[in-house]
1. What order, most packed first, do the peptides 60-66, 80-86 have when packing is the mean number of other Cβ atoms within 10 Å of each residue?
2. Sorted by mean Cβ packing within 10 Å, highest first, what order do the peptides 41-50, 12-21 take?
3. Just to be sure I understand the model, the point goes 7 Å from the Cα along the line to the Cβ. What's the resulting V19 to H62 distance in nm?
Amino acid sequence: MAGRGPERPTYGFTVAAAVDAVPAARRQVVLLAQNLGLPMSDQVLETVELLASEVIANAVLHTAASCDVAVTRTDARLRVEVTDTGPALPVLVDARPNDESGRGLLLVDALADAWGTQRKPPGKKTWFEITPGPSADGSSSTNSADAPSPHPRV
């Protein structure tokens with residue numbers, strides 16, 4: 001599905017309420033991101049895949065329900081949004097070395113240019129943005145003048 005118009009296309013899909021649906025969903029995010037016309041290196045695409053995996057897995061694990069994913073180009077940035085039915089907003093936690101979970105949002109916070117959450121009844125939307133770096137052909141993009149994020153990367 002595409003939306004928003006040719007300057008800011010949005011592609012979306014639904015992820016089943018199963019942890020084993022996450023790998024295919026993260027690969028789908030990468031494929032859709034490549035269709036948006038932003039110059040993205042393999043390293044940037046790997047980062048997008050990792051962050052999408054974390055945000056989608058959180059949605060599926062913490063709600064035991066399906067979630068919706070949207071992949072959008074906003075000026076010079078890639079934006080990935082995951083909407084789920086869980087009312088609790090995700091929070092950064094200090095995971096201890098032996099903890100088996102709790103590092104997903106730390107990765108998002110460290111690697112995304114911006115990320116945030118927004119209540120969207122009955123649940124929420126969690127999103128992140130990446131400013132693509134040089135692509136395989138050596139071209140690069142510039143940062144957009146987007147409004148500040150609730151969680152800008154510093």
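1. Details: 60-66: 15.6, 80-86: 21.6.
Highest-to-lowest ranking by the protection proxy: 80-86, 60-66.
2. Highest-to-lowest ranking by the protection proxy: 41-50, 12-21.
3. 1.6
Read-outs: derived from the displayed coordinates by stated rules, not from any lab. The structure presented is a predicted model; accordingly, all values stated were derived computationally and were not measured. Heads up, the Cβs are rebuilt from the backbone with ideal geometry, glycines too, and the neighbour counts pull from every protein chain shown.
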